[in-house]
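The values are calculated or read from the model by the stated rules, or taken from the named source; none is laboratory data. In this text the structure is predicted, and so the values were computed from the model without any measurement. Using ideal geometry, Cβ is built from the backbone for each residue, glycine included, and neighbour counts are taken over all protein chains shown.
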Amino acid sequence: MADVTQGLMQNLVQYLIIAGLLLWSCYVVLRRFMPKTSFKWQQAMAVWLANKRFVRLSGWLMPKAVQSGCSAGCSDCHVDSSAANSSKTNSSKTACATEMPKLHDGKEQPVQWR
């Protein structure tokens, strides 16, 4: 009987570890590919915890303010080489993903892996 309960406990611990890793992976993917949605969900969870009087936990969980524009630190901003070559006075001009994109500019962008 002791062997059966020990085997069940080992299986339970393994399932809990796998479930934790799966949840963490889903969280990372959600934060990476859906930042606005994850911000809203995290903020809703923090407000719900504050209403349930878990103030310290809700303060820890409350997301920081969302930054926008080229100062947000996203990977979509890059140096616009065609504008830099045509204008010698402004050689560090950057294009941002929040600005209006140029449609069909004629050149392909290489894939950049981290």
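Go through the residues of the stretch 43-60 one by one and say whether even a single one is assigned to a loop (DSSP other than H, G, I, E, B), of a type in the set (Gly, Ala, Ser) and either surrounded by 11 or more Cβ atoms within 10 Å (Cβ to Cβ) or at pLDDT below 90 (or both). No. For the stretch 12-21, the count of residues that are exposed (fewer than 10 other Cβ atoms within 10 Å of the Cβ) and of a type outside the set (Ser, Thr, Tyr) is zero.
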